[in-house]
1. How would you rank W41, W76, going from fewest to most other Cβ atoms within 10 Å of each one's own Cβ?
2. Quick check on the exposure proxy: order F73, F31 from fewest to most C-beta atoms within 10 angstrom.
3. At 37 °C and a viscosity of 0.692 mPa s, what translational diffusion coefficient does Stokes-Einstein give for region 1-115, taking Rh as the Kirkwood radius over Cα pairs? Give it in µm²/s as a whole number.
4. Would you count, across region 3-114, every pair of lysines whose alpha carbons are under 22 angstrom apart, provided the pair is eight or more residues apart or spans two chains?
5. Quick check on the exposure proxy: order M99, M20, M78 from fewest to most C-beta atoms within 10 angstrom.
6. Pop the C-beta distance of V55 and S104 into the FRET formula with R0 = 22 Å and round what comes out to the nearest 0.05.
7. Taking 8 Å as the Cα distance limit and 6 or more residues as the minimum spacing, I'd like the relative contact order of region 3-114 as a percentage.
8. How long is the gain from K84 to N28 if the chain were fully straight, where each residue apart is worth 0.36 nm and the alpha carbon distance is subtracted?
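Rule-based calculations on the coordinates, nothing more; no lab input. Computed from a prediction, not measured in an experiment: that's the story for all the values here. For neighbour counting, all protein chains shown are included, and Cβ atoms are generated from backbone atoms with ideal geometry for every residue, glycine included.
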Amino acid sequence: MDISSVGDVYQQLNKHNLNMLESVYHQNVVFEDAAHRLEGWERLEQYFSALYKNVEHCQFVIEERHQSGQDGFLTWTMQLQHPKLKSGRLILVKGVSHMKFRDSKVIYHRDYFDLGEMLYEHLPVLGKIIIAIKTRLGQ
């Protein structure tokens, strides 16, 4: 398994084929993103199942793949539709994943993305506040 193979899996991923992830992740994987830190394949599997359960659409478009030895990076855009975010309309979130490999599987996975861009900006009251803050910071 290498970073290109992982990218291929993520581009195919949907709520009906989450079992593909088992071929990617090491049993002792550590997964981190802006809101979570999970340890072990079982916890990661539960996380993905819960994540995909309520989404209408979630697709990753992999833009770049880089690997040096046992470390790899993917840049991506996630296309997300969730009934409780942005009135169910499509949200685009750009991000980067850093992965480390052991025994030809991902042992460490860290996602970097703007949680506000994905979640907070699309909540009814909080969204307006977050966007106003970002606008003021940019002035």
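1. Details: W41 18, W76 22.
Least crowded to most crowded, the residues run W41, W76.
2. Least to most surrounded, the residues fall as F73, F31.
3. Numbers: Rh = 14.4 Å.
Estimated via Stokes-Einstein, D reaches 228 µm²/s.
4. 10
5. Numbers: M99 26, M20 13, M78 18.
Final ranking by Cβ density, sparse to dense: M20, M78, M99.
6. Values: r = 29 Å, r/R0 = 1.34.
The computed FRET efficiency comes out at 0.15.
7. Values: 219 pairs, mean separation 30.3, N = 112.
The normalised contact order for region 3-114 reaches 27 percent.
8. Working: separation 56, 0.36 × 56 = 20.16 nm, distance 3.29 nm.
Extra length from K84 to N28 when fully extended: 16.9 nm.
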